[in-house]
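Colleague: I am attaching a structure below and will ask some questions about it afterwards.
The values are calculated or read from the model by the stated rules, or taken from the named source; none is laboratory data. Remember, predicted model here, so these are calculated numbers, not experimental data. All Cβ positions, glycine included, derive from the backbone under ideal geometry; neighbour counts span all protein chains shown. To get the accessible areas, we keep the full protein, side chains included, count just its heavy atoms, and leave off ligands, DNA and RNA. Shrake-Rupley method; radii C 1.70, N 1.55, O 1.52, S 1.80 Å.
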Amino acid sequence: MATPPNTAGVRTSQPGVLLLVLLAEVAVFGLISRNFLTLGNAAEVSRLSVEIGLLAVALTPVIVGGGIDLSVGALLGLSAVAFGWLWRNQGLPVGVAAVLAVGVGALGGTLNGLFVARLRLPPLIVTLGSLSLFRGLAKGFTGGTETYTGFPAGFLAVGQGYFAGVPVQLPIFVAVAAGYWLFLHRTIYGRAVFAIGFSPEGARHAGIPVERRVFVLYLLSGLAASVAGVVYVAHLGQAKADAGTGYELAAITAVVLGGTSIFGGRGGIAGTVLGLLVIAVLDNGLLLADLPRELAGVLTGVLLLVTITIDRLRSRAAAPTLSHQTEGEFEMKNSQLAVLCVAILAAAGIVAASNWYLMSSLRPPAPKPVTIAMLPKSKGNPYFLACRRGADEAAAELGVELLWDGPDGTDPAGQNRIVEGWMTRGVDVICVAVENREGLSPVLRKARAKGIKVLTWDADAEPDARDLFVNQATPEGIGHGLMDTAARVMGGKGEFAIITGSLTASNLNEWRKHIEARLAEKYPDIKLVVTRPCDDQQKKALDETKAVLAAHPNVKLVMAVCSPAVPGAAEAVKQLGRGDVKVIGLGLPNENKPFVHAGVTDTVILWNTMDLGYLTIHAAKQVADGKLKPTASEVTAGRLGRKVIDKGNVLLGQPFAFTKENIDQFDF
Amino acid sequence: MLIVLAVATPGFFGSGNLRVLLVGFAPTLVAAVGMTFVIVARQIDISVGAQFAACAVVVALLVRVGWPLPLAALAAILTGAALGAINGLFVAHLRLPSIVVTLATFFVLKEGLRWWRQGELIRDLPAFQWFGLSQTAGVWVVVGIAGAVFAAAAGAARNLAAGRAVYATGSDEEAARLAGLRPNAVTFGVFAVAGALAGLAAVLEAVQLPFVDPKAGTGMEMRVIAAAVVGGAAVSGGRGTLVGTLLGVLLLGTIGSAIVFLRLEAQWEEAIQGGIILLAVASDVTARRNR
Amino acid sequence: MPPLLKLTDVSKAFGGVRALRAVSFDLLPGEVHALVGENGAGKSTLIKIVTGAHRPDGGTLEIGGRLVTDHDPLAARGWGVAVVYQQPALFPDLTVAENIAIALEPPGPWRRVRWNARRARARELLACVGARIDPDADARTLTMPEQQLVEIAKAVGTDAKVVVMDEPTASLSDREVETLFRVVRDLTARGVGVVYVSHRLDELPRIADRVTALRDGELVGTRAVAETTRADLIRMMVGRELGAVFPKVEATPGRVVLEARNLACRAAGVSAVSLSVRAGEILGLAGLVGAGRTELAGVLFGLTPADAGEILLDGKPVRIGSPAAAVALGIAYVPEDRRRYGVILDLPVAANVTLAVLRRVSDRGFLNFRRERGLAEDFARTLGVKVPSVEEPAGTLSGGNQQKVALARWLATDPRVIILDEPTQGVDIGAKAEIHRLIGDLAAKGLAVVLISSELPEVLAMSDRIAVMHGGTVTGVLARSEATQERVLELALAKGVPA
């Protein structure tokens, strides 16, 4: 085959800048990160990018064709749920269920395709709507709560195993990417896509069936999303309605970073793969260097701006004749642009350098202390921040190095990524508040096999995947505690409502299950009238509570089961002046003090969160030193004294009820 | 087309529910006004939710260190304007696609904010909630400010040369340049204004609660874009009205309440919302085509 | 009398390409100064320097006797310069009244808009240019000539001292051209100076006082129109005398290839069209702008499929529901708006040439780049496309060469019928002659050619038969021998023909 013509239109946009960035990343992280330049790490980097990679690869032709598809992440979630339902509830073999789930993706893609190609609606809006629709359907059918798990090992191997030394999903990704590359850059269909991207009317005048071609792009993107959905399930071992939340933006970022023009016509698969690598390496490198994960987001944003700016400046310099129209302004602004770019690059450089400096200054001196890595369910949650304060206290007492990192809260796969990173980096103990039991347990087992001690806290993994579980309270205890308190406040009868965090959060759903069980079992005169999600936002809890109280005037009590919802609900009751309604919930004392004192909130239930972090670190240190075995019956933890261990569960003690009388004694 | 809902639910507009809804809508409406200008100018702003969160944090921190609230609010609005101006600089002067620029600033702002604040609620705010007024007065101040901003924006869009320049620029940028309208300044301006309005929206939301949540505004960009589009703003630029946006905000905002009133399961809310967006866009375009 | 406008030794380069070299030009009050030259001669650049859209690299610009520095479109308005661009630059989403108002109202973002005053002024100006257009209509709903008239109304309304008109008659019907000339004379009577750019050399004696010719960015000379012949002008523009502009190769038509019977399409505004074209024949399609010629071509090519009547190919009825179907049947269409539809400017020449025959340069769907390149180079050679490499983007080519690329794409499909829509519009005279020769060759090779052109002499010279359209239907078909300008115009204006 002859070499492809190196021409302005059909070539992939100059990947030079990106390649340099990638090399720079590898060089920097090779220096500052531990175990960055290892084969195992390379394999893991690739495994973690496969789902987003599949979406990004499928999005590339869509964007080249002048469109966009925001619905891919939601369609991934819908396909995952459909797959789980078909397999578990319909009893279909895994293979058949997978094929049918891909059919769901095809249907979703067809819907987008019909709206965009046939009705000629703007794709940004169509897929914004279908993003909502697909995610909503997934939540609707599962009630948000249903989680499909327990897939056969043979299937899970697709997402968790190795094939000839590389993660199994990598060959799948490579095959799909290669297929897309052939499709876009080597077939007449791909050529038509470029023509359509530059000028849909021009392409139509050339006899290209534009509608059909555009339709196929969205169909393919739906298919890829559902394949990604199946791979996702295999990788995490669970299918839930929130799978793939926010993946669309990550995928679009990779595509655009890879040089594909958002206006259509220019770009290519190779660039997308490169863009994907740049992001994945950045993420992984920062993790191994124990730099904050937020930095990855910030740097991705900066990189995006810098690369498109450089690209723009170069294309202006290279082809001034094509920009007659703006040339006047350009001449004026040239120097400003240069200054601006230098400023951006300098800023990025300073951030990187200062972190590097910070890193080197924090490098542990010999002898190396015990390193304990602690993983909350999500970062940026006041509950876990309180845990961290306790953990920091214990780490200082014991002289251990504490790594603290967590996912950003939207992506259930986030925890896997971090644990994998820590394994590569090499730590002594990993302490995890497990978000997703089935998905994370295999990874934890792998860590144990490598000689890393594993503790779970806050929420448990499968028992054989950890040494100890620091148990603050059982879901049953929490559920019963909340329901009993509610019954006491309500005097044993009446209506109440629940404000929850999100319909898909597994711990909240677990608690709700026990609340409802207790209700059915003990309180026949009490009725739960409605359950509303607040997306973990105070303001939404406020608005939802107001709506609930307006629609259900007989509600006597609002039970808030996530920490932002408690003050939000209390504020709503206060604003409405409903002295007859009380709020109870699970939350932190500091946020609720004014409401408890004002008598709006009756009781806030929680264990001592700081102590949870403190106890975990103490237990972890002793496990690392070999002083504490899973079979032990008690442990001595600093200022907390002795704590009982029951069948591998370190018990923190009973949940605590904060009321008007005692709440001022606590500060967290 | 836009008045479909809510009729079926008796008592929906009754009692204090309307006022409750109004004060809840005020911040979204103010942010959506900014987004409408951006869309009419044929741009898009993904970063508005992140700007919103940043401004909420700014106003809260300033109040906590003792600034008077009006001054802190002004600072938040200026912060928003500055953040918007950064977007504007990249889009207008470097001629970069707005969707990419604002996607990038969205990441930078969102992650930067989390890095800085770690998601902790900002507490101990003296004379903050309801501007330190009584609740009733505070509610009217919030609704009043949002109403005034809306009226001013609607008036400006229709009857001020600058407003018409936004429509002209969105309709055909090159023609605007030839007509001496300075489309670069217009583009820059709409981003700065959208940022300032995001800042104001953040203030209006922050004062409704005793604490400030640095995660506030998550997902707001999609809500306000959807509201503007359901209200008839065309992403191809040049078309869209603020009254339409108001209806869009009301329609999408009432879905949640309506579900509660109609006693439907909460889990279907998002699907209904998506269906309404698709229907609204499809019917709007089909109607225009048949005209 | 001091000149209204004076350019002295103005130069301008775009990234090393010199568009203007030390050109001087002046405009006196009350005169029409025509500017002629081939495409790429620098006329547009010169105009844009006057209107502030470009800044000169060297030389000086004086307006009303004062030196202008720091020029831009807004400042130009302040200096009393108004412009009618060749491509109407209206805002499609705004009303006609607002479009006019934006050009007339003083700048300043914090001004209040007075809608009633806007409407009244628009109505007045539209009446002045003889246009019957609703000021409240969205500009997107206007036809091309209507848009042009709105542009002219804008220029008239500005009270400008200098009015620049860039090919104002390109899309106007003859009647509208007459109105335009009247408007121009009114302007000059008031002491306004008009810079008039046109490809239609025939117009110049009727409207212009002086004429300046540019060639390759350089000034050739300025003459009084009264003392200049058409031949002089052509010589000034191309630097050599052209023989026949319209060579006609005689051909003997074969049997009927394409026939339309009572064809109608409501969306395109075409009704009851019956016509036929034979192999080896050039069928001219004449008519005023808006008569429905391009729309008829759209129906035949499947862009707007017919909803009544029949299309017969080789006597067999066919259904043409899409351009793809038309291509499959051997029908080709080279559209009028070359830059929007004819070629895809950002794609390489090679990809443009093969876009309609992708299957021919591929094996089972996979592109064969060597074959693609070979095919494109063959056509570039045959048609004389001047391009360093077929991998250059088509947008870097001149208008005439772009037209050849568009033609190459359709010749590559080996069509039986080819519809050429204004193939020489906006093409310089040298390229025009070449395109005419090519059209003759096509017919000689046995293709059925449908030639749409607004230049009556071109249609008359090239066609074997001429079908004349008015109001979306064919009002008559003339044989070459009976076709005269007068006869065609009569049919085009539908005199004595029931509409």
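Colleague: Would the stretch A:475-606 count as rounded, prolate or oblate if I go by the C-alpha gyration tensor, calling it rounded below 1.5 in a/c and otherwise prolate when a/b exceeds b/c, oblate otherwise?
Modeller: rounded
Colleague: Could you sort A:99-106, B:35-42 so that the peptide with the highest average Cβ count within 10 Å comes first and the rest follow in order?
Modeller: On the way: A:99-106: 21.1, B:35-42: 29.2.
Packing order, densest peptide first, comes out as B:35-42, A:99-106.
Colleague: Here's another thing I want to ask about it. Can you tell me the 0 to 90 degree angle between the C-alpha axis of helix A:123-142 and the longest principal axis of chain A, rounded to 10?
Modeller: Once rounded, one gets 30 degrees.
Colleague: Further, regarding this structure: Using a Förster distance of 60 angstrom, determine the FRET efficiency expected from the C-beta separation of A:GLU521 and B:ALA127, and round it to 0.05. Mind dumping the intermediate values first?
Modeller: Details: r = 48 Å, r/R0 = 0.79.
E between A:GLU521 and B:ALA127, to the nearest 0.05, is 0.80.
Colleague: Select from C:ILE452, C:ALA326, C:THR484 the residue farthest towards the positive end of the dipole of the stretch C:255-493; place +1 on Cβ of Lys and Arg, -1 on Cβ of Asp and Glu, and compute about the Cα centre.
Modeller: With unit charges placed on the Cβ atoms, the residue in question is C:ALA326.
Colleague: Relative to the Cα centre, what is the charge dipole magnitude of the stretch A:553-612, using +1 at the beta carbon of each Lys and Arg, -1 at the beta carbon of each Asp and Glu, and rounding to the nearest 20 debye?
Modeller: 200
Colleague: Between helix A:72-88 and chain A, what is the angle of the helix's C-alpha long axis to the longest principal axis, kept within 0 to 90° and rounded to the nearest 10?
Modeller: Its long axis makes an angle of about 60 degrees.
Colleague: How much accessible surface does A:LEU277 have with a 1.4 Å probe, in Å² rounded to 10?
Modeller: For A:LEU277, the solvent-accessible surface is approximately 70 Å².
Colleague: Leaving ligands, DNA and RNA out of it, rank A:SER199, A:SER79, B:SER236 by accessible area with a 1.4 Å probe, largest first.
Modeller: B:SER236, A:SER199, A:SER79
Colleague: Follow-up. Given N residues in the protein assembly as shown, what is Rg(Cα) / (2.2 N^0.38 Å)?
Modeller: 1.02
Colleague: Further question: What distance in nm separates the two pseudo spin-label positions at C:THR60 and A:ALA24, each 7 Å out from Cα along the beta-carbon direction?
Modeller: For the pair C:THR60/A:ALA24, the computed spacing is 4.9 nm.
Colleague: Averaging sequence separations of C-alpha pairs under 8 Å and six or more residues apart, then dividing by the length of chain B, give the relative contact order as a whole percent.
Modeller: Once normalised by length, the contact order is 35 percent.
Colleague: Round to a whole number: what % of the accessible area of the protein assembly as shown belongs to carbon and sulfur, probe 1.4 Å?
Modeller: 59
Colleague: Over 20 Å, how big is the tail of the calculated P(r) for the stretch A:253-316, in percent of all Cα pairs?
Modeller: Taking all Cα-Cα pairs of the stretch A:253-316, the fraction more than 20 Å apart is 30 percent.
Colleague: Could you work out [θ]222 nm for the protein assembly as shown from helices alone, using -39500 (n - 2.57) per DSSP H run of at least four and dividing by all its residues? Round to the nearest 500 deg cm²/dmol.
Modeller: -17000 deg cm²/dmol
Colleague: On a full-extension model of 0.36 nm per residue, what is the gain between C:THR143 and C:ARG175, subtracting their alpha-carbon distance, rounded to one decimal in nm?
Modeller: The span from C:THR143 to C:ARG175 would gain 10.0 nm if fully extended.
Colleague: If chain A were replaced by its equivalent ellipsoid, with semi-axes equal to the square roots of 5 times the Cα gyration tensor eigenvalues, what would those be, largest first, whole Å?
Modeller: Working: eigenvalues 410, 191, 125 Å².
Whole-Å semi-axes of the equivalent ellipsoid: 45, 31, 25.
Colleague: In addition: Can you tell me the order of A:433-439, C:427-433 when each peptide is scored by its average per-residue count of other Cβ atoms within 10 angstrom, highest first?
Modeller: Values: A:433-439: 22.9, C:427-433: 20.3.
In descending order of packing, they fall as A:433-439, C:427-433.
Colleague: Moving on to the next point. Between C and A, buried accessible area summed over both sides at probe 1.4 Å, in Å² to the nearest 100?
Modeller: Buried area between the two chains comes out at roughly 3200 Å².
Colleague: For the pair B:ALA82/C:ALA308, report the inter-label distance in nm, with labels modelled 7 Å from Cα in the Cβ direction.
Modeller: It works out to 6.8 nm between the two label points.
Colleague: While we're looking at this one, here's another question. Mind jotting down the distance between the C-alpha centroids of the stretch C:435-489 and the stretch C:159-232, whole Å?
Modeller: A separation of 28 Å, based on Cα centres.
Colleague: Expressed as a whole number of Å, what is the distance separating the alpha-carbon centroids of the stretch A:188-221 and the stretch C:273-321?
Modeller: Between the Cα centres of the stretch C:273-321 and the stretch A:188-221 lies a distance of 26 Å.
Colleague: Another question about this same structure. Take chain B, connect every pair of alpha-carbon atoms lying under 10 Å apart with a spring to form a Gaussian network, then pick out the residue of B:ALA196, B:ALA226, B:ALA75 with the largest mean-square fluctuation.
Modeller: Residue with maximal mean-square fluctuation among B:ALA196, B:ALA226, B:ALA75: B:ALA75.
Colleague: Also: Under DSSP H, which helices of chain C have Cα atoms covering 15 Å or more of the helix axis and a Kyte-Doolittle average no less than 0.5?
Modeller: C:429-444
Colleague: Chains A and B: how much accessible area gets covered up at their contact, both sides added, probe 1.4 Å, in Å² to the nearest hundred?
Modeller: Roughly 7000 Å².
Colleague: For an R0 of 60 angstrom, estimate the FRET efficiency from the Cβ-Cβ distance between C:PHE14 and B:THR136 and round to the nearest 0.05.
Modeller: 0.35
Colleague: 7 Å from Cα along Cα→Cβ at both A:ALA153 and A:ALA396: what's the point-to-point distance in nm?
Modeller: 4.7
Colleague: Taking R0 as 25 Å, what's the FRET efficiency between A:THR659 and B:ARG263 from their Cβ-Cβ distance, rounded to 0.05?
Modeller: 0.15
Colleague: Could you tell me the total accessible area buried at the B-C interface, probe 1.4 Å, in square angstrom to the nearest hundred?
Modeller: Summing both sides, the interface buries roughly 1900 Å².
Colleague: By a straight-distance test (C-alpha under 20 Å), which lysines pair with A:LYS522 as possible cross-link partners, with residues fewer than eight away in the same chain excluded?
Modeller: A:LYS493, A:LYS513, A:LYS556
Colleague: Same structure, new question: Need one value for A:546-558: mean number of C-beta atoms belonging to other chains within 10 Å of its residues' C-beta atoms.
Modeller: For this peptide, the per-residue mean of nearby foreign Cβ atoms is 4.
Colleague: Leaving out same-chain residues fewer than 8 places away, which lysines sit with a Cα under 27 Å from that of A:LYS453?
Modeller: A:LYS368, A:LYS377, A:LYS379, A:LYS621, A:LYS627, A:LYS629, A:LYS643, A:LYS647
Colleague: If C:ARG119, B:ARG177 are ordered by their accessible area, calculated over protein heavy atoms with a 1.4 Å probe, which sequence runs from highest to lowest? Mind showing how you got there, number by number?
Modeller: Working: C:ARG119 60, B:ARG177 35 Å².
Largest accessible area first, the list is C:ARG119, B:ARG177.
Colleague: Further, regarding this structure: Order the following by accessible area, largest value first: A:ARG639, C:ARG359, B:ARG164. Probe radius 1.4 Å; ligands, DNA and RNA are ignored.
Modeller: If we order A:ARG639, C:ARG359, B:ARG164 from most to least accessible, we get C:ARG359, A:ARG639, B:ARG164.
Colleague: For the stretch B:174-280, what is the Kirkwood estimate of the hydrodynamic radius, computed as the reciprocal of the mean inverse distance between distinct Cα atoms, to one decimal in Å?
Modeller: 16.3
Colleague: Still on this structure: Between the alpha-carbon centers of the stretch A:135-180 and the stretch B:212-291, tell me the distance in whole angstrom.
Modeller: If we compute the Cα centre of each part, the gap is 33 Å.
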